[in-house]
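For reference, the structure discussed in these notes is given below.
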Amino acid sequence: MEATRDVVIVGGGVIGSAIAYFLKVTPVFSVTVTVIEKDPSYEFGSTARSWGGVRQQFSTPENIQMSQYAQEFLGQISRLLGIDDTPVDVSYHEQGYLFLAEDRHIPRLYSNNAIQKGLGVNVGLLDADDLARGVPWMNVSDLAGGSLGLSGEGWLDAYSLNQAFRKKAISLGVAYSAKEAVGLECDAKRVSAVLLADGTRLAGSHIVNAAGPAASGVAKWAGIDLPVRSRKRYAYSFSCRTEITGCPLVIDPSGGHFRPEGRQFLSGCSPEPENDPDCTDFDVDYGWFEEHIWPILAHRVPAFEAIKLENAWAGHYAYNLLDQNAILGSHPDIANFYFANGFSGHGLQQSPADGRAIAELITYGEYSSLTLNRISFERLVTGEAISEHNIV
Ligand SMILES: Cc1cc2nc3c(=O)[nH]c(=O)nc-3n(C[C@H](O)[C@H](O)[C@H](O)COP(=O)(O)OP(=O)(O)OC[C@H]3O[C@@H](n4cnc5c(N)ncnc54)[C@H](O)[C@@H]3O)c2cc1C
């Protein structure tokens, strides 16, 4: 006899696992949930390769509010995700983000600040003198100012958050199936089952695409063109002989960014769009560090002229070609097929809000906490991009 589930989720990364958890804790809904996750090691998904950053400094209200909820969630994580009173540790360091600005960036910095303040974000604007005084290890000669998150921003261990959602979901009755999904059974109005590589099928009344960088392949099984592509990003860790204290996550005007990681630092930079092909391999370009990133680091922090590259890895953004923001909710024609995709570089921090949002849509047919209709699938049809100015 074939198995039937109320909800089948393809992908058990941080997003799929958050959705599974919230489905189980959303009141008035007794639901059976299966998560299909082909990689039980979690080695190759976006989540385990993430920088784990949480920031409030966005320019789009939805992105700000989703991260605010992440902060609220992290504040209660042991109560929410703990099992048998065991505390949950995701190594959260609340150490702020510092966005640096040259003269030409100042109007944008100020308009972003107004949006952020309007939503209650605890963020401070700094001028060049403030920077010189407050961040003495930094070269501020070409800077006009900056924006510093004063609370509610930092970074955590992304793998641990994924596992905390997963373990809690399992403790609440969610089943994880270590199989590969290879197709969907569907017609123009409805998806009815996920087809698995072992030849079996898993029927469901609601099916969720949480396949991360592989999401467009899952959508294609239903004949849907989802503009999400796998795009490679690098993280380079390095050590520095000089001690640098109180370092937040710094976003340089060049796009280069760095933050402390234990006794070392992580660094990276997104490439220009014309040098950002679709990509699924994990090869690391060490030349990119030498030629592009190190000069940015050494210019910004003189002590970074003498650093040692210690390690590096590649991971993939699920890059939304339209606007690099999340695509949340059901398909306009296939109402029981849900999408939680396209998070690009900010999905980790949106996972609590996203999990709750998809659970609400499945349970109530509408949002009951944060209203996220603007980031629905419909905008892909109308082409109405959401313009987020603080993309990293
Ligand atoms: C280098 C890097 C740095 C980042 N930094 C940040 C950051 O600082 N802050 C932030 O918020 N975000 C960051 N992100 C983005 C964030 O990591 C992602 O948005 C988030 O992890 C996406 O989670 P996910 O569950 O959608 O995807 P994934 O973690 O990729 O999970 C998808 C899962 O689906 C499974 N799957 C796919 N296809 C199938 C199939 N056919 N059958 C079964 N299983 C399948 C995969 O095995 C995978 O485990 C970063 C990403 C990268 C790569």
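The values are calculated or read from the model by the stated rules, or taken from the named source; none is laboratory data. Keep in mind the model is a prediction, meaning the values are calculated, not measured. So basically every Cβ, Gly included, is an ideal-geometry build from the backbone, and we count neighbours across all protein chains shown.
When you go through SER254, SER239, SER270 one by one, which is the residue that is buried (at least 18 other Cβ atoms within 10 Å of the Cβ) and of a type in the set (Gly, Ala, Ser)?
On the way: SER254 fails: buried (at least 18 other Cβ atoms within 10 Å of the Cβ); SER239 fails: buried (at least 18 other Cβ atoms within 10 Å of the Cβ).
Result of the check over SER254, SER239, SER270: SER270.
Just one of LYS179, LYS168 is among the basic types (Lys, Arg), outside the structural domain of THR242 (by TED's automatic domain parsing), under 30 Å from GLY223 (Cβ atoms) and within 16 Å of the ligand (Cβ to nearest atom); which is it?
Values: LYS168 fails: under 30 Å from GLY223 (Cβ atoms).
Residue meeting the stated conditions: LYS179.
Quick one: how many residues across region 104-158 are outside any helix (DSSP H, G or I), of a type in the set (D, E, K, R) and farther than 14 Å from ARG55 by Cβ? Walk me through how you get there before you give the answer.
Let us first name the residues in region 104-158 that are outside any helix (DSSP H, G or I), namely 119-127, 135-157.
Next, only the ones that are of a type in the set (D, E, K, R) stay: 127, 142, 153, 157.
Now narrow it down to the ones that are farther than 14 Å from ARG55 by Cβ: 127, 142, 157.
The qualifying residues number 3.
Looking at region 335-367 only, could you name the residues that are farther than 20 Å from ARG55 by Cβ and among the charged types (D, E, K, R)?
GLU360, GLU366
Mind listing whichever residues of region 190-216 are surrounded by fewer than 22 Cβ atoms within 10 Å (Cβ to Cβ), part of a strand (DSSP E or B) and within 12 Å of the ligand (Cβ to nearest atom)?
Across region 190-216, the qualifying residues are LEU195, LEU196.
Please specify each residue of region 217-240 satisfying the condition of being touching a residue at least 40 places away in the same chain (Cβ under 8 Å) and among the small types (Gly, Ala, Ser).
Let us first name the residues in region 217-240 that are touching a residue at least 40 places away in the same chain (Cβ under 8 Å), namely 218-219, 222, 224, 226-240.
Selection gives ALA219, ALA222, SER230, ALA235, SER237, SER239.
When the residues of region 131-176 are filtered to those that are under 12 Å from VAL90 (Cβ atoms) and polar (S, T, N, Q), which remaining residue is surrounded by the fewest Cβ atoms within 10 Å (Cβ to Cβ)?
Among them, the one singled out is SER160.
Are any residues in region 136-151 of a type in the set (A, V, I, L, M) and touching a residue at least 60 places away in the same chain (Cβ under 8 Å), and if so, which ones? Spell out how you get there, then give the answer.
Narrowing region 136-151 to residues of a type in the set (A, V, I, L, M): 138, 140, 143-144, 148, 150.
Once the filter is applied, which keeps residues that are of a type in the set (A, V, I, L, M) and touching a residue at least 60 places away in the same chain (Cβ under 8 Å), region 136-151 yields MET138, LEU143, LEU148.
Could you look through region 1-60, keep only residues that are under 17 Å from LEU184 (Cβ atoms) and among the acidic types (Asp, Glu), and pick out the one that is nearest to the ligand (Cβ to nearest atom)? Quick ask: steps written out before the conclusion?
From region 1-60, those under 17 Å from LEU184 (Cβ atoms) are 2-11, 16, 34-38; that's our starting set.
Now narrow it down to the ones that are among the acidic types (Asp, Glu): 2, 6, 37.
Working: GLU2: 18, ASP6: 19, GLU37: 5 Å.
Ranking the candidates gives GLU37 first.
With respect to VAL31, determine if the residue is of a type in the set (A, V, I, L, M, F, W, C) and touching a Ser or Thr at 6+ places or on another chain (Cβ under 9 Å). Can you show your working first?
Values: of a type in the set (A, V, I, L, M, F, W, C): yes; touching a Ser or Thr at 6+ places or on another chain (Cβ under 9 Å): yes.
Taking the combined requirement at face value, the residue satisfies it.
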